[in-house]
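As structure tokens, the structure follows; a few thoughts come after it.
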Amino acid sequence: MTERSPFTRSSRDGPAFRTLLHPAVPRPRPTAENLLRVQRIRWNDDLLVVAAAGEIDLATAGQLEQTLRGRLPAATVLDLREVGFLGVAGLRVIESAAARARAERRRTGVVADARPVLRLLQLFGADTHIPVYRHLDHAILEVPNS
């Protein structure tokens, strides 16, 4: 594999490049478990906090989906404050979990403060039907009572 780096001199056609040769060392692909950590925290009998840390994308959305399945209490808060990237696959998991909660007459909310996460929630309009909070303590107080 060759790598090009800019040379200090340039010509009239643009910068001149010199080619550096070195063997390509394959890097192991990170597993979904290394990209996303999800934890269920039973706050009380009626409230579950699901805390996620890492990236929620096509490779890791299934992990979040597994966590949001099964019997859930009356209220669930999804804490995304430690999520640096939220992809469309992750958004679909969140929206389907919220839709299921509405159908089962449960309440749900999302806590997020990272710009990429908030931007996707706003861009697709998820924040219009899923309450989004900036602080976990606000969500814990408001979601069970909404």
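Here are the numbers for the structure shown:
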{"quantity": "Filter result for Val88 (among the β-branched types (Val, Ile, Thr), exposed (fewer than 15 other Cβ atoms within 10 Å of the Cβ) and either within 11 Å of the chain's Cα centre (by Cα) or under 19 Å from Leu35 (Cα atoms) (or both))", "calculated": "yes"}
{"quantity": "Region 119-141 - residue that is in a helix (DSSP H, G or I) and touching a strand residue (DSSP E or B) at 6+ places or on another chain (Cβ under 7 Å) and, of those, surrounded by the fewest Cβ atoms within 10 Å (Cβ to Cβ)", "calculated": "Leu136"}
{"quantity": "Of all residues in region 50-73 being among the small types (Gly, Ala, Ser) and within 15 Å of Leu35 (Cβ to Cβ), the one that is surrounded by the fewest Cβ atoms within 10 Å (Cβ to Cβ)", "calculated": "Gly62"}
{"quantity": "Single residue of Ala139, Ala61, Ala75 found to be closer than 18 Å to Ile41 by Cβ and in contact with a Gly (Cβ under 6 Å, 6 or more places away or on another chain)", "calculated": "Ala139"}
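Bear in mind these aren't lab numbers, they're just calculated from the coordinates by the rules spelled out. What you see is a predicted model, and the numbers here were worked out from it, not measured in a lab. As a convention, Cβ positions derive from the backbone with ideal geometry for all residues, glycine included, and neighbour counts pool all protein chains shown.
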